[in-house]
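Derivation of every value follows stated rules applied to the coordinates shown; laboratory data play no part. Everything quoted here is computed from the prediction, not taken from an experiment. We place every Cβ from the backbone using ideal geometry, glycine too, and count neighbours over all the protein chains shown.
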Amino acid sequence: MKKGFTLIELLVVIAIIATIIAFAVPNFLGARQRAGDSKKKSEAQQFKNALRLYYNDYNKYPNDSGGPVYNKVKGCAASGTGNCPCSATIDFAAGSACDIVYMKKFPSDFGSSMYYYRQGTNTDDFCLKVPLDNASDTEIAKSQTKCATPCSGKVSGTDYAVCAD
C-alpha cells in the first residue's frame with residue numbers, strides 16, 4: 001500500500017485554507033484602513049495644536065487668502081502672513097528667521113491635497129478637513145456636527161473635520 005494523500009483530502013485542505021483566507025483578507029484590509037484613518041486624525045489634531053499656538057501669538061488663525069488651501073498655509077515668515085513652508089527644514093514657523101516653530105513638518109499627506117485648511121468666517125476659527133477611508137467611522141459625523149459653522153458647506157461624506165474649540 002502506498003502512503004500519501006488522496007486527491008479528495010488535498011482538495012478539502014485547499015478549500016479550508018481558501019475559506020480562512022477569504023475571511024482574513026477583508027479583516028486585514030479593514031484594519032489597515034482604520035490604522036491609516038487613525039494616523040490622519042492624529043495628525044489633524046497635531047496640526048490643530050500648531051494652529052492654536054499660532055493663534056496665541058497673532059490673535060488670529062492663518063489667513064487662507066480668500067480661498068481653500070490645499071497643502072499650504074499662509075502664516076509664516078516675520079509678519080506671520082507669508083506662505084509656508086517657512087524654510088527647507090521647517091514647514092510652519094514665524095519670526096524673522098523662522099525661529100518661532102509651530103510645526104516642524106506638516107502631516108505626511110498634507111502635500112497630496114488630502115488636508116484642506118480654511119480660515120473661518122472670522123479670524124477666531126478655522127476649518128481643517130481630511131477625507132477618511134473608513135466610511136463607517138463614527139467620529140466623522142461627530143466632527144462634522146462639532147465644526148458645522150466654520151466648515152459650513154466644506155465637509156461632506158467621509159470628511160473628518162477639525163475646528164477651533
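Values for this structure:
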| read-out | value |
| --- | --- |
| Low-density loop positions, chymotrypsin sites (Phe, Trp or Tyr not before Pro), segment 1-62 - DSSP coil, at most 11 other Cβ in 10 Å | 5 |
| Contact order relative to length of the chain, as percent, for alpha carbon pairs under 8 angstrom and 6 or more apart | 18 percent |
| Residues whose placed amide H lies under 5 Å from that of residue 75, excluding near-sequence neighbours | 82, 84 |
| Sequence-distant lysines (8 or more away, or on other chains) whose Cα lies within less than 24 Å of residue 154 | 39, 40, 41, 48, 60, 72, 74, 129, 142, 146 |
| 0 to 90° range, to nearest 10: angle between helix 7-58 axis and the chain longest Cα axis | 10 degrees |
| Lys/Arg +1, Asp/Glu -1 at C-beta; segment 9-163 dipole; positive extreme among 14, 95, 33 | 95 |
